[in-house]
Amino acid sequence: MAERLITEESNRLISSDKVDGTVVYSRDGERLGSVKSFMVDKRSGKAEYAVLQFGGLFGIGSDYYPIPWEMLAYDVDQGGYVVDIDKERLEQAPRYATEQDQNYDDLYGRQVSGYWGVPAPFI
């Protein structure tokens with residue numbers, strides 16, 4: 001029997017393959033970037049960060065910005081996530097280059113959470 005990939009959605013759930021590439025907007029409707037991936041706690045199964053691809057031109061020269069998942073709100077009308085972040089604040093946020101692997105250890109988690117003013121998930 002062939003395996004079937006479950007991608008059905010509900011009002012509350014979305015398939016992980018549909019999160020990748022979803023646009024992220026600021027509160028005033030400005031397109032900030034798109035979700036490249038999200039980081040999930042292995043034990044709890046809770047999404048901790050959306051990794052936002054931001055900057056550059058057509059993805060060239062862009063960097064990855066981890067945003068605490070709890071800061072994102074899905075807006076059905078826009079078909080994307082909305083965050084209460086302006087472009088200037090995002091530009092100063094912790095980030096890493098697209099060609100760099102990032103180690104999401106406790107120290108990095110505290111750095112990201114501290115910048116955004118939310119409790120660190122790793123502690």
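The values are calculated or read from the model by the stated rules, or taken from the named source; none is laboratory data. Remember, predicted model here, so these are calculated numbers, not experimental data. Heads up, the Cβs are rebuilt from the backbone with ideal geometry, glycines too, and the neighbour counts pull from every protein chain shown.
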### Task
State which residue pairs qualify: first residue farther than 13 Å from Val51 by Cβ and inside the range 97-111, second residue among the small types (Gly, Ala, Ser) in any location, beta carbons under 7 Å apart, and separation of 6 or more residues or different chains.
Gly109/Ala120; Arg110/Ala120
### Task
Examine the range 18-27 for a residue that is surrounded by 20 or more Cβ atoms within 10 Å (Cβ to Cβ) and free of Cβ contacts under 8 Å to residues at least 60 places away in the same chain, and state whether such a residue exists.
yes
#### Entry: Count of residues meeting criterion [closer than 12 Å to Gly33 by Cα and either more than 12 Å from the chain's Cα centre (by Cα) or among the acidic types (Asp, Glu) (or both)] in the range 49-84
7
### Query
Restricting the search to the range 79-101, which residues are crowded, with 16+ Cβ neighbours inside 10 Å and modelled with pLDDT under 90?
none
### Task
Scan the range 87-122 for residues that are part of a loop (DSSP other than H, G, I, E, B) and farther than 27 Å from Leu13 by Cα and jot them down.
Gln92, Ala93, Pro94, Arg95, Thr98, Glu99, Gln100, Asp101, Gln102, Asn103, Asp105
